[in-house]
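Taken together, the values in this text are just the output of simple stated rules run on the coordinates, not laboratory data. Given the structure is predicted, the values throughout are model-derived calculations rather than measurements. Positions of Cβ are generated from backbone atoms using ideal geometry, with glycine treated the same way; all protein chains shown enter the neighbour counts.
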Amino acid sequence: MATSTMHISLPEPLKRFVKEQVEKEHYSTPSDFIQALIRAEQKRQAEKRLEEMVLEGLASGRGMTLDSPEWDTFWRRIDEKIASKK
């Protein structure tokens, strides 16, 4: 992944905190620490969105019941896709 530079300003207490975390958690640089924070936030937001989608699905009501012919069709299509990839 290509990198580019972004300059940020931090008050002195936050700057000290970042430096402490870099040493304490064995990050190579303050940039590595900030990147880890951003990745953690991206993951948190993705998990939040997934949870929202699950709750939306649950709130939408009960799904339809599939009886044997629908399942047979479903599994036949799966088997056909698998066979076509061999």
Problem - lysines whose Cα lies under 21 Å from that of residue 15, excluding same-chain neighbours fewer than 8 positions away - result: 24
Completion exercise
Per GNM of the chain with C-alpha springs under 10 angstrom, the most fluctuating residue out of 39, 62, 49 is 62
Fill in the blank from the handout: Per the C-alpha gyration tensor (a ≥ b ≥ c, the square roots of its eigenvalues), the range 11-59 is rounded if a/c is under 1.5, else prolate if a/b beats b/c, else oblate; here it's prolate
Fill in the blank from the handout: Convex hull around the C-alpha positions of the chain: the volume in Å³ per residue is 223
Problem - Two-site FRET efficiency, residue 32 against residue 52, from Cβ-Cβ distance with R₀ of 22 Å, rounded to 0.05 - result: 0.10
Problem - Charge sum, other residues only, whose C-beta stays under 13 Å from residue 50's C-beta, Lys/Arg counted +1 and Asp/Glu -1 - result: 0
